[in-house]
1. List the number of the failed condition for Lys94; all other conditions in (1) without any contact (Cβ under 8 Å) to a residue 40 or more places away in the chain; (2) surrounded by fewer than 15 Cβ atoms within 10 Å (Cβ to Cβ) hold.
2. Scan the range 97-151 residue by residue and report those that are out of contact with any Phe, Trp or Tyr (no Cβ under 7 Å at 6 or more places or on another chain) and of a type in the set (Val, Ile, Thr).
3. Which residue, of Arg95, Arg110, is part of a helix (DSSP H, G or I) and either over 12 Å from the mean Cα position of the chain (by Cα) or modelled with pLDDT of 95 or more (or both)?
4. Do you know which residues across the range 176-207 are among the aliphatic types (A, V, I, L, M) and assigned to a loop (DSSP other than H, G, I, E, B)?
5. Check Gln85, Gln34 and return the single one that is touching a residue at least 60 places away in the same chain (Cβ under 8 Å) and surrounded by 13 or more Cβ atoms within 10 Å (Cβ to Cβ).
6. Looking at the range 1-20, can you tell me whether even one residue there is among the aliphatic types (A, V, I, L, M), touching a Cys at 6+ places or on another chain (Cβ under 6 Å) and surrounded by 13 or more Cβ atoms within 10 Å (Cβ to Cβ)?
Amino acid sequence: MPELPSRVHAALYADDLVLWCTEEHATTATYRMQLALEKVAAWTDNWCVTINRDKTTATLFTLSAKVQPGRLTLGDTPLKFEDQQTYLGVTYDKRMTWQHHIMNAEAKARRKLNIMRKLAGSQWGANEKILKTVYQGTVRPHLEYGSSSWMTAAKTHLQTLEIVQNQAMRIITGAMKTTPIDKMQQVTGIPPLSKRRECKAMVQDIKYQCIPDHQMNARIKQLSSGRLKRSSFATETRALKREHQAKMP
């Protein structure tokens with residue numbers, strides 16, 4: 001990869017490349033991104049690498065409805081601006097609400113839930129242990145993939161994932177709809193998804209602290225200005241630390 005302009009970052013996995021830039025003003029970000037695209041285009045030409053320009057798109061992430069995206073080109077091809085981007089299975093929408101990603105995760109998990117229903121026949125079906133294993137191996141991964149990214153989503157969105165898990169626990173235990181959720185959690189030994197997300201976030205936070213040159217290392221230590229209306233991974237983990245410290249004797 002070529003040396004990119006200041007404040008422009010890149011992530012490359014196999015043949016999937018993403019560039020991003022964070023700025024206070026969209027015009028500044030557009031200018032820096034255009035410089036980065038020109039460097040990438042020159043680098044690919046030099047190394048005889050072909051870029052699929054039809055699949056190369058851009059997204060302006062902002063909470064303001066007034067800010068409009070500028071113009072970006074890759075060579076002679078103008079880039080199309082889209083409302084969302086999917087990278088490594090995580091969908092980022094331009095307002096960072098994570099609604100589209102969570103809807104997709106819910107749909108995938110519900111399709112897998114049908115497998116559990118077929119296995120849970122009342123006369124010949126699999127036992128509770130097998131059904132729990134199927135849930136943990138095929139359903140829950142869809143409900144948790146990339147959770148450190150979208151854990152800041154609205155509670156109404158996150159609750160849709162909990163509903164899927166609750167339905168899975170009813171299949172596992174054969175319980176009726178009136179059975180309290182906490183009782184099914186005790187019987188199955190399956191904790192709420194929210195608790196698992198918190199644990200994973202804390203583990204991820206510790207990993208970032210162990211990598212001094214990682215971008216997130218400085219971000220989690222940086223004090224929030226309170227300017228943004230939405231929470232972030234850093235503010236969420238900071239709040240979790242305070243909560244756990246308060247509970248310690």
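1. Checking Lys94 against (1) without any contact (Cβ under 8 Å) to a residue 40 or more places away in the chain; (2) surrounded by fewer than 15 Cβ atoms within 10 Å (Cβ to Cβ), the one that fails is (2).
2. Thr97, Ile115, Ile130, Thr133, Val134, Thr138, Val139
3. Arg110
4. Filtering the range 176-207 for residues among the aliphatic types (A, V, I, L, M) gives 176, 181, 184, 187, 190, 193, 201-203, 206.
Correct list: Met176, Ile190.
5. Details: Gln34 fails: touching a residue at least 60 places away in the same chain (Cβ under 8 Å).
Only one candidate qualifies: Gln85.
6. Taking the range 1-20 and keeping what is among the aliphatic types (A, V, I, L, M), we get 1, 4, 8, 10-12, 14, 17-19.
Next cut, touching a Cys at 6+ places or on another chain (Cβ under 6 Å) only: 8.
Next, from what is left, pick out any that are surrounded by 13 or more Cβ atoms within 10 Å (Cβ to Cβ): 8.
Checking the range 1-20: at least one residue is among the aliphatic types (A, V, I, L, M), touching a Cys at 6+ places or on another chain (Cβ under 6 Å) and surrounded by 13 or more Cβ atoms within 10 Å (Cβ to Cβ).
Residues are listed down the side, and each one gets a yes or a no for (1) closer than 30 Å to Gly125 by Cβ; (2) exposed (fewer than 14 other Cβ atoms within 10 Å of the Cβ); (3) hydroxyl-bearing (Ser, Thr, Tyr):
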{"position": "Thr156", "(1), (2), (3)": "no, yes, yes"}
{"position": "Glu162", "(1), (2), (3)": "yes, no, no"}
{"position": "Ala168", "(1), (2), (3)": "yes, no, no"}
{"position": "Ala175", "(1), (2), (3)": "yes, no, no"}
{"position": "Pro180", "(1), (2), (3)": "yes, yes, no"}
{"position": "Met184", "(1), (2), (3)": "yes, no, no"}
{"position": "Pro191", "(1), (2), (3)": "yes, yes, no"}
{"position": "Ser194", "(1), (2), (3)": "yes, no, yes"}
{"position": "Val203", "(1), (2), (3)": "no, yes, no"}
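The values are calculated or read from the model by the stated rules, or taken from the named source; none is laboratory data. Remember, it's a predicted structure, so these values are computed and weren't measured experimentally. Every residue, glycine as well, gets a Cβ built from its backbone with ideal geometry; the counts of neighbours run over all protein chains shown.
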